[in-house]
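Colleague: The structure's right below; bear with me while I get my questions together.
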Number of protein chains: 2
Amino acid sequence: MATPLEKARKDPESMKARILHIARRFFGEYGYHGTTTRMIAKEAGIDISTLHYHWGDKKDLYEAVIVDINKDLGQKLMALEKRIHGLPLDQRMAIAIDAMTDYLFKFPEVSNLVLFHYFSKTRDALDLRVPEFTADIARSMGLTRDRKTTSPRAKIEVLAVMNAIHNFISGEKFFRPIVNLNRKDYISIVKETLKFVLIGSFVEREKKQKSS
Amino acid sequence: MATPLEKARKDPESMKARILHIARRFFGEYGYHGTTTRMIAKEAGIDISTLHYHWGDKKDLYEAVIVDINKDLGQKLMALEKRIHGLPLDQRMAIAIDAMTDYLFKFPEVSNLVLFHYFSKTRDALDLRVPEFTADIARSMGLTRDRKTTSPRAKIEVLAVMNAIHNFISGEKFFRPIVNLNRKDYISIVKETLKFVLIGSFVEREKKQKSS
DNA sequence: TTATTTTTCCATCAAAAGATGGAATCAATG
DNA sequence: CATTGATTCCATCTTTTGATGGAAAAATAA
C-alpha cells in the first residue's frame, strides 16, 4: 500500500512530486509561515486548488516535506556508514564530513528544513515525529560503549557535529559575503574548517582511551 | 539625539520597551512571518494600534528587535573580551564558552534571532545591516596575524564556534527530549561538550605554531 | 468512439493579518 | 482648573492567505 508521499517519490515526473520538490525549497527558504501556498503554486505554474487537490492542506504538504527530507537524509547516512565502516576514526570523520557537505550543498533545503525544525515554532500545531539519527551516528562514530543505549553526552556530541555542518550550508547566503569568497572556495574552506575543528578532539580522546 | 530604540532601552518600564521586549521573544520563537502583531499586543495586554503607535509597522518593530539584540550581544562580547584578555588560549576559550552559554540560556531569544537572521529569508524586503563581530572575536581568539585584516579562514572558524553555541540554546526544546535531561543537566553537558569539541583543535594548533 | 475517472482551473469564501482614523482617556503644564 | 499633548482603544478597512465547489479539460478505460 503506497502512501501519497511514496508515490510522489517514486515518480518524480508527476505533478505531485513536482509540487513536493518546489515546496521543499520554499519551506526551506522562508519557513512554514513565510511560505504561502500561492508561492509554491505560482512557481509550479499551477493553480492553488491543484496543489490542494494533490496534497490536502498546507500542513499536510509541510509534513510531507519534512518526512521526505528526513528519508533522504536517512538514506544518505546509511550509505555513508557502509562506506566508512571499519576505517580509523580520523578517516571516517573526514570522509563523512566531505560527503555530507557535498550532499547538503547540493540540496541545501535539507539543512534549512532540519534547522527550521530544530529552532522555530509553528502557530499551527503540527505533530510530526521525525526519525532520530543521533543514536545511529553515535554508534558509527564509536561513541557508544554499550550496544543498546547511547549516553546523553554522546548524543550531544553528535548534534554538535551535525549542526556544525548544517550551519554552514544554511548560512551560506549570510556567511559568504562576510568572508567574501565565491561558492567553490567557500565550500572548500568550510570543509577544511569543519575537519580542523571537529576531528581533532575526538581523535585525541580516542588515543587517550586506547593508551589507558 | 536619542533614537526610539535608545529611548526604549533606557527606560525598560515604558510601554515602548515592554513591547520591544515581548516582540523579541515572539520573533525569536516564531520568526518574522510566524509572529503576528496581534500576538505581541495580546501578550502585552494592549491593542494593536498602541503597538503601531509606538513602533510603526511590523517591519520597523522587527528591525528594532534585531538592532536591540545585536547591541546586547556586542556589549556582552566586549565585556567578555576585557575579562579574558591576556590569558592563555585554553582558559580564554573555556571562560568565553561558559559566559556566553550562561548569558544566552538566560536570553535564548538572542540566539534564536541570530540564527533566524542567518538561515531564513523574509518575504518583506527588510534591509538591515547588523554589526559584524566575527573579526573582533577572531582577534580576541588570536586568529589574526595582521592587525588590520582577518582571513576568511579565521572568520569561518569564529562562525563555527559561535554557531555551535547558539545551536544548543535555540535547539533546547528539540534536543533536550532527545538526551532526556532536565534543564540544569542539559546546560552543563552542553558546556562540557562545547569545550571538549571546540577548544582542543585550537589549542593544539597554537602549540604547533609556537614550537615551529 | 463513448463512458468514466483523474486532473486542472476559475470563481469565490471566510478567516487572518497588517494597518489607520478618530474618539476617549490619561498625564503633564500653566 | 483648564488646556495641551501624549497615550490608548474601538471600529473599521484592505490585503493576504488558506481553502473549496463545481465546471472544464485531459487522460484512461471500455
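Colleague: Check the axis relating chain B to chain A and name the residue of B whose C-beta is nearest, distance in whole Å.
Modeller: Taking the axis that maps B onto A, the answer comes out as B:His33, 2.
Colleague: Along Cα-to-Cβ, 7 Å out, sits the label point; list in nm, shortest first, how far the one on B:Asp57 is from those in the other copies.
Modeller: Between copies, matching label points for B:Asp57 lie 2.9 nm apart.
Colleague: Please compute, for peptide B:24-37, the average count of beta-carbon atoms on other protein chains lying within 10 Å of each residue's beta-carbon.
Modeller: Mean number of neighbouring Cβ atoms from other chains: 4.
Colleague: If we sort B:101-114, A:50-63, B:38-51 on the protection proxy, mean other Cβ atoms within 10 Å, highest first, what's the order?
Modeller: Details: B:101-114: 20.1, A:50-63: 17.3, B:38-51: 15.6.
Result, highest mean Cβ count within 10 Å first: B:101-114, A:50-63, B:38-51.
Colleague: Under a point-charge model restricted to the Cβ atoms of Lys and Arg (+1) and Asp and Glu (-1), what is the dipole moment magnitude of the protein assembly as shown relative to its Cα centre, in debye to the nearest 20?
Modeller: Details: 72 positive and 54 negative charges, 193 e Å.
Computed about the Cα centre, the dipole is about 920 debye.
Colleague: Please compute, for peptide A:102-110, the average count of beta-carbon atoms on other protein chains lying within 10 Å of each residue's beta-carbon.
Modeller: Averaged over the peptide's residues, the number is 0.
Colleague: Given the options B:His117, B:His166, B:His33, which has the most mean-square fluctuation in a GNM of chain B, springs set between C-alpha atoms less than 10 angstrom apart?
Modeller: Result for chain B, Cα springs under 10 Å: B:His33 fluctuates most.
Colleague: Residues of the stretch A:185-199 that become at least 10 Å² less accessible with every protein chain present than in their own chain isolated, using 1.4 Å: which are they?
Modeller: A:Ile189, A:Glu192, A:Thr193, A:Phe196, A:Val197, A:Leu198
Colleague: Let me ask something else about it. Can you give me the P(r) profile for the protein assembly as shown? Cα pairs, bins 20 angstrom wide beginning at 0, each as a whole percent.
Modeller: That works out to 24, 57, 19, 0, in percent per bin.
Colleague: Just the number, please: Stokes-Einstein D of the stretch A:4-211 in µm²/s, Kirkwood Rh from C-alpha pairs, 37 °C, 0.692 mPa s. Kindly include the intermediate steps, with their values, before the conclusion.
Modeller: Numbers: Rh = 18.7 Å.
Taking Rh from Cα pairs, D becomes 176 µm²/s.
Colleague: Mind giving me the FRET efficiency for B:Arg145 and A:Tyr53? R0 is 45 Å, r the Cβ-Cβ distance, nearest 0.05 is fine.
Modeller: Working: r = 61 Å, r/R0 = 1.36.
Once rounded, the FRET efficiency stands at 0.15.
Colleague: Per DSSP H run of at least 4 residues, take -39500 (n - 2.57); add these up for the protein assembly as shown, divide by its residues and hand me the 222 nm value, nearest 500 deg cm²/dmol. Provide the component values of the computation, followed by the final result.
Modeller: Values: 22 runs with 326 residues, N = 424.
-25000 deg cm²/dmol, from helical runs alone.
Colleague: Counting pairs of alpha carbon atoms under 8 Å apart in space and at least six apart in sequence, what relative contact order in percent does chain A give?
Modeller: Relative CO of chain A lands at 20 percent.
Colleague: Can I ask one more? Between the stretch B:148-212 and the stretch A:137-189, what is the separation of their alpha carbon centroids in Å?
Modeller: 11 Å
Colleague: Using alpha carbon centroids, what distance separates the stretch B:48-117 and the stretch A:86-121, in Å?
Modeller: Each part reduced to its Cα centre gives a spacing of 27 Å.
Colleague: Ignoring ligands, DNA and RNA, what percent of the 1.4 Å accessible area of chain B is carbon and sulfur?
Modeller: Working: 5570 of 10550 Å².
Carbon and sulfur atoms account for 53 percent of the accessible area of chain B.
Colleague: Select from A:Leu51, A:Phe26, A:Leu143 the residue farthest towards the positive end of the dipole of chain A; place +1 on Cβ of Lys and Arg, -1 on Cβ of Asp and Glu, and compute about the Cα centre.
Modeller: In chain A, that residue is A:Leu143.
Colleague: What accessible area per residue comes out for chain A, rounded to a whole number of Å², with a 1.4 Å probe?
Modeller: Details: 10540 Å² over 212 residues.
Heavy-atom SASA per residue in chain A reads 50 Å².
Colleague: How many partner chain Cβ atoms sit within 10 Å of a residue's Cβ in peptide A:152-164, on average, as a whole number?
Modeller: Working: counts 10, 5, 2, 7, 13, 5, 2, 10, 9, 2, 1, 8, 8.
What the average comes to for A:152-164 is 6.
Colleague: Based on Cβ point charges of +1 for Lys and Arg and -1 for Asp and Glu, what charge dipole magnitude is obtained for the stretch A:4-211 about its Cα centre, in debye rounded to the nearest 20? Before the final figure, lay out each step's value.
Modeller: Working: 36 positive and 27 negative charges, 103 e Å.
That gives a dipole near 500 debye.
Colleague: Would you be so kind as to identify which of B:Ala94, B:Phe119, B:Asn163 lies farthest towards the positive end of the dipole of chain B, taking Lys and Arg as +1 and Asp and Glu as -1 on Cβ and the Cα centre as origin?
Modeller: Final value for the positive-end residue is B:Ala94.
Colleague: Another one. In the structure displayed, which of A:Lys16/A:Lys121; A:Lys121/A:Lys173; A:Lys42/A:Lys191; B:Lys106/B:Lys148; A:Lys71/A:Lys173; A:Lys76/A:Lys155 lie more than 30 Å apart, Cα to Cα?
Modeller: Numbers: A:Lys16/A:Lys121 27 Å; A:Lys121/A:Lys173 23 Å; A:Lys42/A:Lys191 36 Å; B:Lys106/B:Lys148 34 Å; A:Lys71/A:Lys173 26 Å; A:Lys76/A:Lys155 19 Å.
Checking Cα-Cα distances, A:Lys42/A:Lys191; B:Lys106/B:Lys148 exceed 30 Å.
Colleague: Can you tell me which of B:73-85, A:69-81 comes out highest on packing, and rank the rest after it, using the mean Cβ neighbours within 10 Å? Walk me through the numbers on the way to the answer.
Modeller: Numbers: B:73-85: 14.7, A:69-81: 16.3.
Output ranking for B:73-85, A:69-81: A:69-81, B:73-85.
The values are calculated or read from the model by the stated rules, or taken from the named source; none is laboratory data. Here the structure is a predicted model, which is why all the values come from computation and not from measurement. In this analysis, Cβ positions are derived from the backbone assuming ideal geometry, glycine residues included, and neighbour counts consider all displayed protein chains. Surface accessibility is based on the protein's heavy atoms, side chains included, excluding ligands, DNA and RNA. Shrake-Rupley method; radii C 1.70, N 1.55, O 1.52, S 1.80 Å.
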